[in-house]
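To keep things clear, I will list the structure first and then write my remarks on it.
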Amino acid sequence: MGLEAYLKDTGFITTQVNAIIAWARKSSVWPMPMGISCCAIEMMAVGDPKYDIARFGSEVMRFTPRQCDLMIVAGTVTYKMAPVVRKIYDQMPDPKWVIAMGACTSTGGMYRSYSVVQGIDQFLPVDIYLAGCPPRPDNLLHALMKIQEKIGKTKASQFHNVPLKEEGVKLPELNVIQKN
């Protein structure tokens, strides 16, 4: 029995607000692609018709962090690039999630040198570690499904810690960098 037949008979559906919000969040995950090296090619491949990331509501890859809720870090992260990746992560609105795509992103891979970060979990909270060098596009889709499961289990009120502006409540001020 489909939804149309059910609505024709009864005329309404009952559910919880948290369930609707969780469904909407997990069905429209907007990734922020951080394609730093070779894993980025495999990340780009999930948009082609063979893999079709649009089936999961994530085809809208935005290149501005203020519109994204999932960061996919794909490739080797150096210590010079780490503050930039962290800054972009900090600009993303809450709630936000991170996928570490590939061996180099997760553990530094084959690069055991002074310039390569041995895992982005040293400066970012990682939700999913994606194995491979480079991981296949279908493996990235599997990681996206795992993120969607995680998002579906969250509650709507879980991320609203900041109180509205009221009398006597002082909101935190923004740190502004001024150029000389």
Inset, instruction - Would you confirm whether any residue within region 85-93 is surrounded by fewer than 19 Cβ atoms within 10 Å (Cβ to Cβ) and over 13 Å from the mean Cα position of the chain (by Cα)? - result: yes
Legend entry - Residues satisfying the stated conditions in region 134-167, i.e. at pLDDT 85 or above and of a type in the set (A, V, I, L, M, F, W, C): Leu140, Leu141, Ala143, Leu144, Met145, Ile147
Inset, instruction - Scan Gly108, Gly57 and give me the residue that is touching a strand residue (DSSP E or B) at 6+ places or on another chain (Cβ under 6 Å), modelled with pLDDT under 80, surrounded by 13 or more Cβ atoms within 10 Å (Cβ to Cβ) and not aliphatic (A, V, I, L, M). - result: Gly108
Legend entry - Selected residue [under 24 Å from Glu149 (Cα atoms), surrounded by 13 or more Cβ atoms within 10 Å (Cβ to Cβ), in contact with a Gly (Cβ under 7 Å, 6 or more places away or on another chain) and in contact (Cβ under 8 Å) with a residue 12 or more places away in the chain] from Ala45, Ala103, Ala131: Ala103
Inset, instruction - Please give the helices (runs of 4 or more DSSP H) falling wholly within region 38-157 in which 1 or more residues are touching a Phe, Trp or Tyr at 6+ places or on another chain (Cβ under 6 Å). - result: 82-91, 103-107, 137-152
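The values are calculated or read from the model by the stated rules, or taken from the named source; none is laboratory data. Bear in mind the structure is a predicted one, so any value in this text is a computation, not a measurement. Backbone-built Cβ (ideal geometry, glycine too); neighbour counts: all protein chains shown.
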